[in-house]
1. Based on what the data block shows, is Arg199 more than 18 Å from the chain's Cα centre (by Cα), part of a strand (DSSP E or B) and at pLDDT 85 or above?
2. Cβ-Cβ below 6 Å, separation at least six or inter-chain, first residue in the stretch 144-161 and closer than 22 Å to Thr175 by Cα, second in a loop (DSSP other than H, G, I, E, B) and among the polar types (S, T, N, Q): which pairs?
3. Do we have any residue at all in the stretch 151-171 that's among the aromatic types (Phe, Trp, Tyr), surrounded by 13 or more Cβ atoms within 10 Å (Cβ to Cβ) and touching a Lys or Arg at 6+ places or on another chain (Cβ under 8 Å)?
4. From the set of residues in the stretch 59-74 that are crowded, with 17+ Cβ neighbours inside 10 Å and not aliphatic (A, V, I, L, M), which is nearest to Ala21 (Cα to Cα)?
5. Which pairs do you get when a residue that is more than 17 Å from Asp57 (Cα to Cα), found in the stretch 1-18, comes within reach of a residue that is of a type in the set (Ser, Thr, Tyr) and part of a loop (DSSP other than H, G, I, E, B), reach meaning Cβ atoms under 7 angstrom, with the pair 6+ apart or on two chains?
6. Pull up the stretch 98-120, narrow it to residues that are among the acidic types (Asp, Glu) and under 22 Å from Ser50 (Cβ atoms), then point me to the one that is farthest from the chain's Cα centre (by Cα).
7. In the stretch 72-110, how many residues are free of Cβ contacts under 8 Å to residues at least 60 places away in the same chain, at positive phi and part of a loop (DSSP other than H, G, I, E, B)?
8. Identify all residues within the stretch 87-113 that are among the acidic types (Asp, Glu) and surrounded by 11 or more Cβ atoms within 10 Å (Cβ to Cβ); write none if there are none.
Amino acid sequence: YATYAIRPEEGQRRLVWYAQAAKAESWSPIYSLEVQEDGGELVGVMVKGSFVYFVSDDRIFRFTYQADPARDGQQYASCQRGCVNASSWVQVEETTFMLDRAGIHAFSGGHESEQISTPIQNVFQTLEDFRYIVNWDARALFHAAYFPDEETIRWFISMGSRRRPRHAIALHYRTNRWVLEEYPFAVTSSAQVLVGQARLVFVGSDQARTFCAGQGKLDGIDHRQSTVFGVVE
């Protein structure tokens, strides 16, 4: 009758375990790689192009090998930015958009990553009396989704004192336009699903509810037939 979590011991939290090719169900206790210690907490593994990247909350390491990861595998410090968790990055074309404590950045695979959230940087500050400040204590539940029809990326986050995500930072990456959205319910998960020929985003909420985002009507207006956002003059 207590809340608990299963986590590896401290000495194993920087290990990446792997299986041999074509043996996905055969996990050996000796097949592991240790990520360099000069990064923060390891949050996930990302595949981009022909490389594998080990992502921590404040560093990105590129990993490559020729024959055997244990014998000739090499790690290289790729970028001094990271991601808050494994669900808060999305890949769009050749760029990976990631959320870390410093904001949102665009990672293309090199040694530098472009800071793109400068216009909304105030939401990442730590002013205690400001309602619209990211609650980093709830970062384990943050997640991101790519909406291809809208050419928009949304990071679902918790703000203020909320523990579950009820806000989203939305980026129209073609025009670099930002919008902060608020929802009447928690949006705790998201997934892109291929339905027919359309790539749709389904989001999970409380009370076992699932929604198909961006479909149907908005305030009585069919979003496919009319403009649902604009600029106030």
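The values are calculated or read from the model by the stated rules, or taken from the named source; none is laboratory data. Just so we're clear, the structure is a prediction, and the values are computed from it rather than from any experiment. Because the Cβ atoms are built from the backbone with ideal geometry, glycine has one as well, and the counts that use them run over all protein chains shown. Accessible surface areas use protein heavy atoms only, side chains included; no ligands, DNA or RNA. Shrake-Rupley method; radii C 1.70, N 1.55, O 1.52, S 1.80 Å.
1. For Arg199, the condition - more than 18 Å from the chain's Cα centre (by Cα), part of a strand (DSSP E or B) and at pLDDT 85 or above - is met.
2. Going by the 6 Å Cβ cut-off, the qualifying pairs are Ala144/Ser88.
3. Taking every residue of the stretch 151-171 in turn, none turns out to be among the aromatic types (Phe, Trp, Tyr), surrounded by 13 or more Cβ atoms within 10 Å (Cβ to Cβ) and touching a Lys or Arg at 6+ places or on another chain (Cβ under 8 Å).
4. Per the stated criteria, the residue is Pro69.
5. Hits for this filter: Trp17/Tyr31; Tyr18/Tyr31.
6. Glu112
7. Residues in the stretch 72-110 being free of Cβ contacts under 8 Å to residues at least 60 places away in the same chain, at positive phi and part of a loop (DSSP other than H, G, I, E, B): 1 in total.
8. Asp100, Glu112
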